[in-house]
Amino acid sequence: MLDLIIRNGHIVTAAEVLPFGTELGIEDGKIAVIGVNLQAGPKTEIVDAEGGYVTPGGVDSHVHIEQDNAPTGDTWETGTRSAIAGGNTTVIAFATQKREDQSIWPALEAYHRKASGNAYCDYGFHLIITNPSADVLNQELPALVDRGITSIKLYMTYQPLQLGDGDLFRVMMRAHQLGITTMIHCENNDIIEQITKRLAEQGNTDSFFHSVARPQIAESEATYRAICLAEVTDTPILIVHMSAPEAVRHVNEAQQRLLPIHAETCPHYLYLISEHLMSGPDDFDGARNICAPPLRHDPKDLEYLWRGLSNGTFTVVSSDHAPSTFDHPCGKMRGMTAVEGEEKPHRDFRKVPNGVPGVETRLPLLFDRARGHGISDDGLIRISLPRFVQLTSTNPAKLYGLGDRKGSLLPGFDADIVIWYPEGDHYVSGNTAAHGTAPNGINGVSNPQANGLSEKSRTKRFIITNENLHHRIDFTPFEGIQVGNWPRWVFLRGKLAWDRDGAGLMGNIGDGQFIERKTSRALTGQVGQTARGMKSHEWNYWL
Ligand code: DUC
Ligand code: ZN
């Protein structure tokens, strides 16, 4: 007997938009059947999608939640409720090994403790490795994989986290053996430090100069180096949050040679430019948008990334949700300090925590461009609806070892589902009358904004405003941007977790479960190739 049937929706998969009339049948939290005229039993709840699109729940595979280095950021409670309100049913966050940690386990246990019982959506962890001792690589990493953590992240910048090429090589060789995906933050730290020093000597430390300190070439050089390391160690990598066309060109070239090089970008690199880092004469507002790699200078840079989404260069769009509160002495305003005897406060981008919030806005911002393919009449580059699903859900699930249960609307998969508002002529109203059970509360979460947009929803345009978001951050970098749709209903494993026109958040804190992941699958290129200029037998001498 089906628990739930979703009718009258346009179901979008990673491959196609299914014919209108196709229905989803859900039982015990899983998708049981996809078909037409599904039979309801006496207890089956019917959801009428009213002609709206139906997509898999978002898998945001790059979010920072409650990390030690972001004291003013989101907690697991606030970060995952924001995730759900933006249509995400799974997030993959980070657990960090500190440089002094000889073992990864204490840090990992601590991150588990923070998340357990406090999440509204399902979750996993990537491990950030900063001290790749022989013990960690040989003993602990295989045990980590057995515990369902099958991806690692390495940094080429930030002194407390950065690894040199030798360590990158050693870790990547191990990743190759274990079949796990390595994420890499690619920026050349020395270039950045030298430019930053010179900028400071000339008094150029206002928020805008963050983008000058981290030029495209710093991202591009490190990206090329990471690709070379991946090539010689024959291991799949994902280059996180790419913002520089100069760097993306290296990915393109590597993919043409069928190397397993994956690329990720984020909505802030698709919508914002360095102009958004400028502060006014008396404020430090531009500091809100400080993130690394930085926002780039030219709208053409954004266009290049959109083209990369459309043509398949990028595998994943994540949010890199890494918020810090703006108006807090440990948040973004840490960079603005009063100086005795000086009329104006001193503004210093070097003291500003990097990162912006975005887990809740990722899907609406991408969905807004998910119509057709190529360039539309308004000159904007579009992606297809299936491509939207691939980038935001199916690909991250497959790449990170969730490809047998998340990220696709298929029988046997978790019933993680987003229903969007009907569009155009299909649009009926923003009410929930078609919904079987009346929502009756927010289940313990104070969420006064849940209903805030229901009137606006009738206008078919949604204006992003921080007041209506569910993180605990005092700004969004996307304030004022209009998008054409928003997740109306979100189901987590078959249970209604978000009802935008009803009570908002419907799930309970703790509904989200830690999901053990399998080893990853390369989605681009293939492993088993010999690096350029090497003969295959060379491996035998040193492997
Ligand atoms: N850059 C990072 O490297 N980490 C978090 C946020 C950011 O902008
Ligand atoms: Zn990040």
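A short reminder: the numbers here are calculations on the coordinates, not readings from a lab. Computed from a prediction, not measured in an experiment: that's the story for all the values here. Glycine also receives a Cβ, built like all others from the backbone with ideal geometry; neighbour counts cover every protein chain displayed.
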* Asked: Using a simple spin-label model with points 7 Å from Cα along the Cα→Cβ vector, what separation in nm is obtained for residue 535 and residue 135?
  -> 4.2 nm
* To do: Using R₀ = 25 Å, calculate the FRET efficiency as 1/(1 + (r/R₀)^6) where r is the Cβ-Cβ separation of residue 482 and residue 15; round to 0.05.
  => 0.25
* Structure fact -> For the pair residue 404 and residue 45, the simple spin-label estimate (label points 7 Å beyond Cα toward Cβ) gives in nm 2.9 nm
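Using 0.36 nm per residue of separation minus the Cα-Cα distance, give me the extension gain between residue 351 and residue 508 in nm, one decimal.
Numbers: separation 157, 0.36 × 157 = 56.52 nm, distance 3.70 nm.
Full extension from residue 351 to residue 508 adds 52.8 nm.
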* Structure fact -> Row for the range 1-519, column shape: gyration tensor on C-alpha, a ≥ b ≥ c, rounded if a/c < 1.5 i.e. under 1.5, prolate if a/b over b/c, else oblate; value prolate
* Asked: Just how far, in whole angstrom, is the range 54-85 from the range 219-235 if you go by their alpha carbon centroids?
  -> 29 Å
* Cα centre as origin, Lys/Arg/Asp/Glu Cβ charges: the chain dipole, Debye -> 920 debye
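Run the helix sum for the chain: -39,500 (n - 2.57) per DSSP H stretch of 4+ residues, divided by residue count, reported at 222 nm to the nearest 500 deg cm²/dmol. Working shown, then result.
Working: 15 runs with 132 residues, N = 543.
Rounded to the nearest 500, it is -7000 deg cm²/dmol.
Note down the net charge around residue 209, summing +1 for each Lys or Arg and -1 for each Asp or Glu among other residues with Cβ under 11 Å from its Cβ.
Working: positive: 198, 214, 347, 350; negative: 206, 348.
Cβ neighbours under 11 Å give a net charge of +2.
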* Label point 7 Å out from residue 146 along Cα-to-Cβ: which residues of the range 104-126 have amide N under 18 Å? -> 104-106, 108-109
* Cα-based reach from residue 114 at 19 Å (exclusive), listing lysines while leaving out same-chain residues under 8 positions away -> 98
* Under a Cβ-Cβ cut-off of 9 Å, what is the net charge of the residues other than residue 7 that fall near it, where Lys and Arg count +1 and Asp and Glu count -1? -> -2
* To do: Describe numerically, in nm with one decimal, the distance between label points set 7 Å from Cα along Cα→Cβ at residue 371 and at residue 253.
  => 3.8 nm
* Structure fact -> Expressed in angstrom and rounded, the centroid-to-centroid distance over alpha carbons for the range 335-380 and the range 115-150 is 30 Å
* Proximal lysines relative to residue 344, as straight alpha-carbon distance under 26 Å, when same-chain residues fewer than 8 apart are discounted -> 197, 332
* To do: Can you grab the distance from the C-alpha centre of the range 493-543 to the C-alpha centre of the range 1-51, Å, no decimals?
  => 26 Å
* Starting from the amide H of residue 126, placed 1.01 Å from N in the peptide plane, find each other amide H under 5 Å away whose residue is 5 or more places distant or on another chain. => 93, 94, 95
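Given 0.36 nm per residue, what is the gain on full extension from residue 340 to residue 201 after removing their alpha carbon distance, in nm?
On the way: separation 139, 0.36 × 139 = 50.04 nm, distance 1.99 nm.
Residue separation times 0.36 nm, minus the Cα-Cα distance, leaves 48.0 nm.
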* Structure fact -> Phi-derived 3J(HN,Hα) across the range 386-391 with the Karplus relation (6.51, -1.76, 1.60, θ = phi - 60°), rounded Hz, x for Gly and Pro, is x, 5, 4, 5, 4, 5
* To do: Specify which residue in the list 486, 309, 519 is farthest towards the positive end of the charge dipole of the range 1-519, using unit charges on the beta carbon of Lys, Arg (+1) and Asp, Glu (-1), about the Cα centre.
  => 519
* To do: Find out how many positive minus negative residues lie around residue 189, taking Lys and Arg as positive, Asp and Glu as negative, among other residues whose Cβ is under 13 Å from that of residue 189.
  => -3
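Classify the range 133-189 as rounded, prolate or oblate from the Cα gyration tensor: take a ≥ b ≥ c as the square roots of its eigenvalues, call it rounded if a/c is under 1.5, otherwise prolate when a/b beats b/c and oblate if not. Working shown, then result.
Details: a/c = 2.07, a/b = 1.79, b/c = 1.16.
It is prolate, given that a/c is not under 1.5 and a/b is the larger ratio.
How would you rank 404, 368, 190, going from fewest to most other Cβ atoms within 10 Å of each one's own Cβ? Before the final figure, lay out each step's value.
Values: 404 15, 368 21, 190 10.
The most exposed by this proxy come first: 190, 404, 368.
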* Restricting to the chain, compute how many DSSP beta bridges are antiparallel as a %, nearest 5. => 45 percent
